[in-house]
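A.B. asks: Pasting in a structure now, in C-alpha cells, and then I'll have a few things to ask.
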Amino acid sequence: MARMVQCVVLKREAPGLDRPPYPGELGKRIYEQVSREAWARWIQHQVMLINEYRLSPIEPKARQFLEAEMQKFFFGSGSTRPEGYAPPEEQ
C-alpha cells in the first residue's frame, strides 16, 4: 500500500514518494509533504527550465538556481516559466 501524504501542491491527500528525492532538509521536507504526482510535475518543469535557460546541472550556479526554483515550486509562490516560453505543440 502506498504511503499517503497531504500534498502541498495538489492540496489533497495523495500517494507519496518512496524515499527522499533530494539530499538534506529540503529532500526530507519534500518526502513528507509532496506527492508522486507533484514530484512528476516538478521534473517536467525542471527539464523545461534546464532546456530554456540552457543550464548544465553539473555547474554549481545551475544547481543553486534549480534548488531555489524547486523551493518556490513546492513551498513558495511557484516557479515561473521563462519569459516568452511557449510549450511545444502536441503532434
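A.B. asks: Of everything in segment 1-39, what is closer than 12 Å to PHE74 by Cα and surrounded by fewer than 12 Cβ atoms within 10 Å (Cβ to Cβ)? Give them in sequence order.
C.D. replies: Listed by number, the list holds a single entry, LYS11.
A.B. asks: Right, something else. Is it the case that some residue within segment 54-62 is more than 21 Å from PRO87 (Cβ to Cβ), assigned to a helix (DSSP H, G or I) and not hydrophobic (A, V, I, L, M, F, W, C)? Lay out the reasoning, then the answer.
C.D. replies: Here is the first cut: in segment 54-62, the residues more than 21 Å from PRO87 (Cβ to Cβ) are 56-62.
Those still in the list that are assigned to a helix (DSSP H, G or I) too: 60-62.
Going one step further and asking which of them are not hydrophobic (A, V, I, L, M, F, W, C), we end up with 60-61.
Within segment 54-62, one or more residues are more than 21 Å from PRO87 (Cβ to Cβ), assigned to a helix (DSSP H, G or I) and not hydrophobic (A, V, I, L, M, F, W, C).
A.B. asks: Take the residues in segment 57-86 that are among the charged types (D, E, K, R) and without any contact (Cβ under 8 Å) to a residue 40 or more places away in the chain, then tell me which one is surrounded by the fewest Cβ atoms within 10 Å (Cβ to Cβ).
C.D. replies: Quick first cut of segment 57-86, residues among the charged types (D, E, K, R) only: 59, 61, 63, 67, 69, 72, 81, 83.
Cutting the leftovers down to without any contact (Cβ under 8 Å) to a residue 40 or more places away in the chain gives us 59, 61, 63, 69, 72, 81, 83.
Values: GLU59: 10, LYS61: 9, ARG63: 13, GLU69: 19, LYS72: 13, ARG81: 12, GLU83: 6.
Checking each candidate, the answer is GLU83.
A.B. asks: Looking only at segment 19-44, how many residues end up being within 18 Å of PRO57 (Cβ to Cβ), in a helix (DSSP H, G or I) and in contact (Cβ under 8 Å) with a residue 40 or more places away in the chain?
C.D. replies: Within segment 19-44, residues that are within 18 Å of PRO57 (Cβ to Cβ), in a helix (DSSP H, G or I) and in contact (Cβ under 8 Å) with a residue 40 or more places away in the chain number 2.
A.B. asks: Go through segment 77-91 and give me each residue that's closer than 14 Å to ALA38 by Cα and out of contact with any His (no Cβ under 9 Å at 6 or more places or on another chain). Reasoning before the result, please.
C.D. replies: Initial filter on segment 77-91 (closer than 14 Å to ALA38 by Cα): 78-79.
Within segment 77-91, GLY78 is the sole residue that qualifies.
Every read-out reported here was derived from the displayed coordinates using simple, explicitly stated rules and does not represent laboratory data. Predicted model only: the values in this text are computed from it and were never measured. With ideal geometry, Cβ positions are generated from the backbone for all residues, glycine too; neighbour counts draw on all protein chains shown.
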